[in-house]
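Engineer: Take this structure, written in structure tokens, and hold onto it; I'll ask about it next.
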Amino acid sequence: MKKYLIVIEETGAGYAAYSPDLPGCVSSGRTRNEVERNLRAALALHLNDLRAEGQSVPEPHTYSSYMELLP
């Protein structure tokens, strides 16, 4: 099983999410749970489409970190 980093951002209408490792695959939802559920489905479809077209599935390579900045 591969683990992909996802980014979730709050919007005026709820939440939007994407994975930097899988460009073009995005989702939205009214709640964090909904956007995560929707993105999971979108990512599964995206990966299946890549495989069906004979393309390679990108390996996860991004990571997250927090950086504290002084005021």
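Engineer: State which residue is nearest to the chain's Cα centre (by Cα) when the search covers only the stretch 57-71 and only residues that are loosely packed, with under 13 Cβ neighbours inside 10 Å and of a type in the set (A, V, I, L, M, F, W, C).
Structural biologist: Met67
Engineer: Report, by residue number, each residue of the stretch 4-56 that is part of a loop (DSSP other than H, G, I, E, B), among the aliphatic types (A, V, I, L, M) and surrounded by fewer than 16 Cβ atoms within 10 Å (Cβ to Cβ).
Structural biologist: Just the residues of the stretch 4-56 that are part of a loop (DSSP other than H, G, I, E, B), to begin with: 4-6, 12-13, 19-25, 30-31, 53-56.
Filter once more, keeping what is among the aliphatic types (A, V, I, L, M): 5-6, 13, 22.
Listed by number, the residues that qualify are Leu5, Ala13.
Engineer: How do the pairs read when you match residues in the stretch 46-71 that are closer than 18 Å to Asp21 by Cα and hydroxyl-bearing (Ser, Thr, Tyr) with residues anywhere that are surrounded by 10 or more Cβ atoms within 10 Å (Cβ to Cβ) and at pLDDT 95 or above, using Cβ under 7 Å and keeping only pairs 6 or more apart or on different chains?
Structural biologist: If the second residue must be surrounded by 10 or more Cβ atoms within 10 Å (Cβ to Cβ) and at pLDDT 95 or above, the pairs left are Thr62/Leu5; Thr62/Pro20; Thr62/Asp21; Tyr63/Leu5; Ser64/Leu5.
The values are calculated or read from the model by the stated rules, or taken from the named source; none is laboratory data. Here the structure is a predicted model, which is why all the values come from computation and not from measurement. Cβ atoms come from the backbone with ideal geometry, glycine included; neighbour counts cover every protein chain shown.
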